[in-house]
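Novice: Take a look at this one; I'll ask things after.
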Amino acid sequence: MDQSLSRSMRALSLLIEQPASEHPEYWEVLLPGLHPEQLKSAVHSLRTSRQKRGDTISHPNLKLKDLLDGLARALGGESFERWIHQVQPELARFFAMHDLRQPTDLIKWNSPPFAHPLTGRQLADRFFASELPLPERLFTGVGNEMFAARNIGALDLQWAMSRITGKREFSSRHDLDMIRIVSSMPDQEIYPDEPIGDGEFALDPAYRGLTLHDLLLLAFRWDISCVFNLLGDNLVVPQRLAPVHQLYHTSADDEQRMAVLFAIFRAKIENASTGWVDVLPFNENIVFLRGADGTYDWVVRDQRDAPFSGNRLYPVFSADEVPRTMSADTEAKAKLHFTKGLWHEQIEHRAEAFHYATGGTLATYPGTDRVLANYLKSTNEFAPRKPQSGARRIDFIAHHLADRCLMVSELITIDEFWNFYENEWAERRDDKAAHTVRGWAPLDEMNGRDERDHPVCATWYDAVAYCKYLECRTSLPMRLLTIEEWQAIAPERAVVDSLGRKARDSVVEGLDAEGRVLEPPTYLPHYFTRFKPDLCWLPNGQGLPFLSSLSFGEWLGDYRGFAPNNVFAPVACTASGIALGRGSLETELFEAWYVGRNNHLKVGFRVCYVADRDG
C-alpha cells in the first residue's frame, strides 16, 4: 500500500517500551504513518535524536530490531516482520472494503463552539481507555458551519426575540426564560431580508436565514463548549449515557439552562449532514474514522498529541537554564503522559470537580496544572517527590511552615542583581527578549535613578534567571515564593492596616531625561522610574522586611502558560494583601515581561529555598 495513503494527518506521538529495561519505561516516537517505511523513519528519528544527546545507539535499549518490534506491538501487531507481511495486506483489504481513499484530518474542527476542537488523544482515550462500548458514529464537527458566524452573540438573540415575540424584556438576566421560549420554536426563521444588529455586530449576509435555534447556539457558544466532550455520549451514536457537562460549581438554573441547550445542540447535530464520522475498528489498537467521499483518519491506543515537554519556558529558557525546583511543576503531567491506559479527559474533569467540591472557587483557582496535581495527590495516585533542600544560610531568614522550613531572602537589591546582570545576564537578556512579541523594559531605566540598596525592579523572566544564577553559585535549590508561602509569611493584615495611609501610599515616580517628574500613565519611549524617599518597611513575625505600598509588588513563582508569549505570574502586594492589580493572587496574573512601568509601579522579587530537616 502506498505511503501517502498511510500517512498521519496530525502530530502523533506513541510510547514504545524501551528494550532491555527492568521496569516499564518508554521512548516517545513521532509516528508519520502506518507503512513499514514510516515505522522505520520513526525509529531512525528516535535513534538519531538520542545519539545527539550523547546516547550510544548500540546500547541495548536502542537496538533497531527491538524498537521496530516495539513500535509494531504498540500498533497492534506481533512484530515488525508480521507488520510487513501480515498487517499490510490486511490494511489494504480493509481500505478497499470500507472505500477509504483520501487521508484527511477529520478531528480538528476549524470552527468549534468556543475555542477548542477535539484532539486525537481525546478520541483514542475514549475508544481504548474508557471501557465504554465503541460508538458507531461520532460528531467531530469537521465541515459543519453551525458556529462559523463569529460576529453573532447574545444581543442579536435578544433583538430577534423581541422582534418575533413583540416583547422587550429580554436581557442576560432572563437567559433561562429566553432559552425555553426558543426551544419551543425550532423552525422559526429570522427575517432573512432584514439585518440582525448593526455596526460590528451586524450579521454577515452569508448567514442570513438562520433559525432561532441557530442563533441560540451561536449566542451561547461558550455554554455549548462545555458539552463538546467525549466524557459521556454527548457526541456519539448510539447515545446510551446521560450528558456530561464540563461546568462546575453550578446552580439549579445553570443545570436547567445546560439541559435545554444540550437538547437543542444534540437535535441540531443529529439532523446535520456534515461533521459526523463512522467509527471503524481495524485491530485492538487502531480505529479508523470514515467521512464522506472516501475520506478517512485514524487514531491509536495510548497516542499523545505531542511529545512531552517538561520545560514550559522554552524557547526563552532552555532546560538547563531553569531552576531545578521548577521541574516539580510538571511532575503530575509527566506521570499522566507516561502512564498508559489512562483516560486523560476524565481525570482532568474529575480534578476540576474536586477543586470546587473541596471548597475551591474561581477566585482561588490555581491553574489547571496545580488543580490536577492536587487531585492526583488526594487519590494517592501521585506522590510528589520530597522537595529539594539545602543547608541553612545566615543571610536568609527561617520560616517554619506546616511541612517544611523555608529559608527566605530579603527583597533582592539593585546592587545584588547588578553583579549578575553585568557579569553574565545583560547580553543573554537581549537574546531572550528577542523571542517574545514585546520587548523587555530596559533595566537601567527602571533602576538607574535609585540607591543601590533599594529593591531591584525586574521582569519575571529576570527573576527566574537570577534564581538559576544563585542556584549555580550556592548549589542551593533557589526559587521564587509560591502564593501559599507568601500568604503564610507576609505581615499580618492588622499590622498593615494599623499604619493606615502610610502603608498604601505610592512610593514610585516617573522622570523624563531632564529629571522632571511625570504624571502617570506615561508612554514615552524612554523615561525613568525611581523610588520616593521614606519607604514604608514592615517586618513579618520573623523580622523579614516587606515594602508596603500600592505601587510596589513582588513576583511569585506560580506561573501559568507557555513561553515565549503566554507566560503569566502573580505579583503580590503587601499593602493590599492581594495582587498588585487589586484582584486575587490566583486570578490577577501579569505577563512575564511586566514591570509596572507605564503606571509608575515597580515589581521586585525575593528568593527562597527549603532547608534540610536536620539543619
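The values are calculated or read from the model by the stated rules, or taken from the named source; none is laboratory data. Small disclaimer: the values here were computed from a predicted structure and weren't measured. All Cβ positions, glycine included, derive from the backbone under ideal geometry; neighbour counts span all protein chains shown.
Novice: Scan the range 13-20 and tell me whether some residue there is surrounded by fewer than 16 Cβ atoms within 10 Å (Cβ to Cβ) and either over 31 Å from the mean Cα position of the chain (by Cα) or hydroxyl-bearing (S, T, Y) (or both). Lay out the reasoning, then the answer.
Specialist: Taking the range 13-20 first, the residues surrounded by fewer than 16 Cβ atoms within 10 Å (Cβ to Cβ) are 20.
Going one step further and asking which of them are either over 31 Å from the mean Cα position of the chain (by Cα) or hydroxyl-bearing (S, T, Y) (or both), we end up with 20.
Yes: the range 13-20 contains one or more residues that are surrounded by fewer than 16 Cβ atoms within 10 Å (Cβ to Cβ) and either over 31 Å from the mean Cα position of the chain (by Cα) or hydroxyl-bearing (S, T, Y) (or both).
Novice: Also, I was wondering about something else. Go through the range 139-148 residue by residue and tally those that are more than 26 Å from the chain's Cα centre (by Cα) and not acidic (D, E).
Specialist: Taking the range 139-148 first, the residues more than 26 Å from the chain's Cα centre (by Cα) are 143-146.
Adding the requirement that they be not acidic (D, E) leaves 143-144, 146.
Total meeting the criteria: 3.
Novice: Next up: Quick test of your reading of the structure: E416 fulfils all but one of (1) farther than 16 Å from R479 by Cβ; (2) under 31 Å from the mean Cα position of the chain (by Cα). Name the failing condition by number.
Specialist: Exception for E416: condition (2).
Novice: Would you point out the residue of the range 83-110, among those that are aliphatic (A, V, I, L, M) and part of a loop (DSSP other than H, G, I, E, B), that is farthest from S4 (Cα to Cα)?
Specialist: We begin by selecting, within the range 83-110, every residue aliphatic (A, V, I, L, M); these are 84, 87, 91-92, 96-97, 100, 106-107.
Retained after the next criterion (residues that are part of a loop (DSSP other than H, G, I, E, B)): 100, 106-107.
Values: L100: 12, L106: 16, I107: 19 Å.
For the range 83-110, the residue satisfying everything is I107.
Novice: Within the range 229-270, how many residues are more than 21 Å from V182 (Cα to Cα) and either in contact (Cβ under 8 Å) with a residue 40 or more places away in the chain or among the aliphatic types (A, V, I, L, M) (or both)?
Specialist: 16
Novice: Here is a check on your reading of the model: is G359 surrounded by 15 or more Cβ atoms within 10 Å (Cβ to Cβ) and under 25 Å from L556 (Cβ atoms)? Explain how you work it out, then say what you get.
Specialist: Values: surrounded by 15 or more Cβ atoms within 10 Å (Cβ to Cβ): no; under 25 Å from L556 (Cβ atoms): yes.
For G359, the condition - surrounded by 15 or more Cβ atoms within 10 Å (Cβ to Cβ) and under 25 Å from L556 (Cβ atoms) - is not met.
Novice: Could you run through the range 580-615 and say how many residues are among the β-branched types (V, I, T), under 13 Å from A441 (Cβ atoms) and not in a loop (DSSP other than H, G, I, E, B)?
Specialist: First pass over the range 580-615, keeping only residues among the β-branched types (V, I, T): 587, 595, 603, 607, 610.
In the following step, the residues that additionally are under 13 Å from A441 (Cβ atoms) were identified as 595, 603.
In the following step, the residues that additionally are not in a loop (DSSP other than H, G, I, E, B) were identified as 603.
Final tally of qualifying residues: 1.
Novice: Shifting gears a bit: Can you find a residue in the range 291-306 that is within 22 Å of the chain's Cα centre (by Cα) and either among the β-branched types (V, I, T) or over 30 Å from E586 (Cβ atoms) (or both)?
Specialist: Yes, the range 291-306 contains at least one residue that is within 22 Å of the chain's Cα centre (by Cα) and either among the β-branched types (V, I, T) or over 30 Å from E586 (Cβ atoms) (or both).
Novice: Shifting gears a bit: Return a yes/no flag: does the range 605-615 have any residue that is under 18 Å from R438 (Cβ atoms) and not charged (D, E, K, R).
Specialist: Going residue by residue through the range 605-615, those that are under 18 Å from R438 (Cβ atoms) are none.
No, there is no match, as no residue in the range 605-615 is under 18 Å from R438 (Cβ atoms) and not charged (D, E, K, R).
Residues checked against (1) over 17 Å from L511 (Cα atoms); (2) in the same structural domain as S551 (by the TED database); (3) part of a loop (DSSP other than H, G, I, E, B):
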{"position": "R438", "(1), (2), (3)": "yes, yes, yes"}
{"position": "E445", "(1), (2), (3)": "no, yes, no"}
{"position": "E451", "(1), (2), (3)": "no, yes, yes"}
{"position": "C457", "(1), (2), (3)": "no, yes, yes"}
{"position": "V464", "(1), (2), (3)": "yes, yes, no"}
{"position": "Y469", "(1), (2), (3)": "yes, yes, no"}
{"position": "R473", "(1), (2), (3)": "yes, yes, no"}
{"position": "P477", "(1), (2), (3)": "yes, yes, yes"}
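Novice: Of the numbered conditions (1) of a type outside the set (S, T, N, Q); (2) at pLDDT below 95; (3) surrounded by fewer than 18 Cβ atoms within 10 Å (Cβ to Cβ), I224 fails exactly one; give the number of that condition.
Specialist: (3)
Novice: Here is a follow-up. Just to check your reading of the model, which residue among A563, A569, A575 is under 27 Å from L476 (Cα atoms) and surrounded by 22 or more Cβ atoms within 10 Å (Cβ to Cβ)? Walk me through how you get there before you give the answer.
Specialist: Values: A563 fails: surrounded by 22 or more Cβ atoms within 10 Å (Cβ to Cβ); A575 fails: under 27 Å from L476 (Cα atoms).
Only one candidate passes the filter, namely A569.
Novice: Whether any residue in the range 572-591 is in contact with a Ser or Thr (Cβ under 8 Å, 6 or more places away or on another chain) and within 20 Å of G448 (Cα to Cα) is what I want to check.
Specialist: Within the range 572-591 (the criterion being in contact with a Ser or Thr (Cβ under 8 Å, 6 or more places away or on another chain) and within 20 Å of G448 (Cα to Cα)), the answer is no, since none of the residues qualifies.
Novice: List, please: which pairs have Cβ atoms under 9 Å, are six or more places apart or on different chains, and start with a residue in the range 582-596 that is in the same structural domain as T529 (by the TED database) and on the phi > 0 side of the Ramachandran plot and end with one that is among the polar types (S, T, N, Q) and assigned to a loop (DSSP other than H, G, I, E, B)?
Specialist: These pairs meet every condition: R582/S576; G596/S551.
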